[in-house]
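The values are calculated or read from the model by the stated rules, or taken from the named source; none is laboratory data. From a predicted model like this one, the values you see are computed outputs, not experimental measurements. Cβ atoms come from the backbone with ideal geometry, glycine included; neighbour counts cover every protein chain shown.
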Amino acid sequence: MPPILQLSQISKSFGFVQALSKVDFEIAAGEIVGLIGENGAGKSTLMKILGGVHPPSTGQIRFDKAPVTIQGAKAAEQLGISFVHQELNLLDNIDIAGNIFLAREPRRFGCIDQRALHKMALPILEALGLHLDPRTSVSRLTNGQQQLVEIAKALSMDAKLLILDEPTSSLSIQEADTLLKLVKKMKGQGMAIIFISHRLSEVEKIADRVVGLRDGENAGELNAEEISRDRMISMMIGRDLSEVYPESNPVNTETVFSVENFSTRRWPKGNASFSVRAGEILGMAGLVGAGRSELAQALFGVDSSPSGTMSVNGQPLTRGKVKNTIANGVFLAPEDRKASGLILEMTIRENMTLNSLSQFSRRSRIDFKSERIQTDKWLREFGVKAPNAELPVSSLSGGNQQKVVLSKWMTLAPKVMIFDEPTRGIDMGARQEIYQAIVRLAETGCAILMISSDMEELLGMSHRIAVMHEGTLSGILNRNEFSEKAIMTLAVQQSLATSAS
């Protein structure tokens, strides 16, 4: 098939910063191309040029064989280019149909024709296998359903080219699998699809070709038979990578953190009992809504718990008391780093030392000199890529923001560290650095509970894996029992023995 889109020698600079340099890219109708690269590689800039947000400094864009100048998002839509962004662009106070046809609603006598609107939405929802009433408020949908509504918007515009930016980052394993099947179906109907994801196993499953960017330039291309996880990683970071996950030391037999019969406000009848030993990384798996994040928040004390006990080194802790939890060395790196882990208006330095200001206080005043010396050291130690610690933390990439979140707690010598989705939306290079930091922390004897929706991450980092189902711990797997099938079996609360028979 001839290319529906050709980008030739695209360059883009912002002042003295060269974001893209002579990038070539093309895609044909009925083709899925995986676009990969670390944060800062140029993927977002390239897509913003394609979406009409930025004009290229130099280079040519051809769409449907004709040279085009894309001036604004509306021009991109008129060509047949649709985006599904990582950050969902939905209004949760209106219904599904209203979101799909926002600003394009059918009208009668100058008012929105609600009956016609809902009738127009039905065939699009059915095509996606989304069996929902179009009058349902978006606020009542799961993350996976909301993602499909975003795709429904694209289909309603008769898109020829669909750009999916991290479409599965907030989805469960089952929801992600459903989405990938849908993407393949759209490909079969002749749509061209650019699939951007840090989940390389999904790119490997779905892409016909893979194009890599590094430092704003083309880093290489892989055909279908050449696509493998190792080759994609090597293309992204520019070096061979024999092992993504660092080796961790054997676990101490001493139990540090014990949890008995714990329930959460969302799952008051749930029951979670487990222990974590010194130096152990206990992974926690489960479908979205299984109660993993709620359990983490309840253990830390930011959410209430109807029942259960927990202890650190045999010392009982009071439920629902964050101050008591922190005083006993139990810390939480939350799932949503922007909403709960950082104060975006403050500097990197202020965020890094927020939890340890007492270390820099002299007679009730902060010793800014010693604070700056220490934060400069932490910048180097945690590999935070920033010129200095006085920049706003909002200016950092997702991976570097997550390193700041980790540094806040990890420098306080935690006894128990709870990581909730520690690498969500983060590129492979930053992931490696975070994995290494987690392993270094485990080697100090810290007990680590790591919640993750990334199956490879769980299998690669954990000594054991606990699996949640509706607020209850349905089983714990030892390393010799690890497999995706075993985890999914427990996630749907089916016994391993039944599954094997």
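Any residue in the stretch 169-186 that is free of Cβ contacts under 8 Å to residues at least 12 places away in the same chain, within 22 Å of the chain's Cα centre (by Cα) and outside the structural domain of Gly429 (by TED's automatic domain parsing)? Yes: the stretch 169-186 contains one or more residues that are free of Cβ contacts under 8 Å to residues at least 12 places away in the same chain, within 22 Å of the chain's Cα centre (by Cα) and outside the structural domain of Gly429 (by TED's automatic domain parsing).
Before we move on, is Gly190 assigned to a loop (DSSP other than H, G, I, E, B), assigned by TED's automatic domain parsing to the domain that holds Gln18, in contact with a Lys or Arg (Cβ under 9 Å, 6 or more places away or on another chain) and over 30 Å from Ile438 (Cα atoms)? Yes; evaluated as a whole, the condition is true for this residue. Would you tally the residues in the stretch 345-369 being of a type in the set (A, V, I, L, M), over 15 Å from Thr411 (Cβ atoms) and either loosely packed, with under 10 Cβ neighbours inside 10 Å or modelled with pLDDT under 85 (or both)? Summing the residues that are of a type in the set (A, V, I, L, M), over 15 Å from Thr411 (Cβ atoms) and either loosely packed, with under 10 Cβ neighbours inside 10 Å or modelled with pLDDT under 85 (or both) in the stretch 345-369 gives 1.
In the set (1) crowded, with 20+ Cβ neighbours inside 10 Å; (2) at negative phi; (3) within 22 Å of the chain's Cα centre (by Cα), the condition left unmet by Glu456 is number (1). Of all the numbered requirements in (1) under 23 Å from the mean Cα position of the chain (by Cα); (2) farther than 24 Å from Leu171 by Cβ; (3) free of Cβ contacts under 8 Å to residues at least 24 places away in the same chain, Lys321 misses one, and that requirement is (1).
Filtering the stretch 184-210 to residues that are in contact with a strand residue (DSSP E or B) (Cβ under 9 Å, 6 or more places away or on another chain), farther than 15 Å from Leu35 by Cα and of a type outside the set (D, E, K, R) leaves Met186, Met191. Looking across the stretch 276-293 at every residue that is under 24 Å from Leu441 (Cα atoms) and not small (Gly, Ala, Ser), the one that is modelled with the lowest pLDDT is identified as Arg292.
In the stretch 415-437, of all residues being more than 22 Å from Met232 (Cβ to Cβ) and surrounded by fewer than 22 Cβ atoms within 10 Å (Cβ to Cβ), the one that is modelled with the highest pLDDT corresponds to Lys415.
The rows are residues; the columns are (1) within 22 Å of Leu161 (Cα to Cα); (2) without any contact (Cβ under 8 Å) to a residue 40 or more places away in the chain; (3) crowded, with 18+ Cβ neighbours inside 10 Å.
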position: His85; (1), (2), (3): yes, no, no
position: Asp92; (1), (2), (3): no, no, no
position: Phe101; (1), (2), (3): yes, no, yes
position: Arg107; (1), (2), (3): no, yes, no
position: Leu117; (1), (2), (3): no, yes, yes
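Ser273 - would you say it is modelled with pLDDT of 90 or more and touching an Asp or Glu at 6+ places or on another chain (Cβ under 7 Å)? It is true that Ser273 is modelled with pLDDT of 90 or more and touching an Asp or Glu at 6+ places or on another chain (Cβ under 7 Å).
Among the conditions (1) in contact with a helix residue (DSSP H, G or I) (Cβ under 6 Å, 6 or more places away or on another chain); (2) surrounded by 17 or more Cβ atoms within 10 Å (Cβ to Cβ); (3) of a type outside the set (A, V, I, L, M, F, W, C); (4) free of Cβ contacts under 8 Å to residues at least 60 places away in the same chain, the only one that Arg229 does not satisfy is (2).
Being among the aromatic types (Phe, Trp, Tyr) and free of Cβ contacts under 8 Å to residues at least 40 places away in the same chain is a property that holds for Phe482.
The residue of the stretch 378-408 that is modelled with the lowest pLDDT, among those that are among the small types (Gly, Ala, Ser) and surrounded by 20 or more Cβ atoms within 10 Å (Cβ to Cβ), is Gly399.
Here the condition is being buried (at least 20 other Cβ atoms within 10 Å of the Cβ), outside the structural domain of Ala176 (by TED's automatic domain parsing) and more than 25 Å from the chain's Cα centre (by Cα); of Gly308, Gly283, Gly279, it holds for Gly279 alone.
Looking only at residues in the stretch 454-501 that are closer than 22 Å to Arg440 by Cα and in a loop (DSSP other than H, G, I, E, B), the one that is modelled with the lowest pLDDT is Asp454.
Residues in the stretch 34-63 that are among the aliphatic types (A, V, I, L, M), touching a residue at least 60 places away in the same chain (Cβ under 8 Å) and buried (at least 22 other Cβ atoms within 10 Å of the Cβ): Leu35, Ile36, Ala41, Leu46, Leu50. Annotation for the stretch 170-186: no member residue is part of a strand (DSSP E or B) and under 24 Å from Met47 (Cβ atoms).
Screening Asn313 on (1) farther than 16 Å from His469 by Cβ; (2) of a type outside the set (Asp, Glu); (3) touching a Leu at 6+ places or on another chain (Cβ under 8 Å) shows it passes everything except condition (3).
Filtered by the rule that a residue be free of Cβ contacts under 8 Å to residues at least 40 places away in the same chain and surrounded by 19 or more Cβ atoms within 10 Å (Cβ to Cβ), the stretch 119-131 gives Ala121, Ile124, Leu125, Leu130.
Within the stretch 254-270, residues that are small (Gly, Ala, Ser) sit with their Cβ atoms under 6 Å from residues that are in a strand (DSSP E or B), at 6+ positions apart or across chains, in these pairs: Ser258/Ser275; Ser258/Ser311; Gly270/Thr472.
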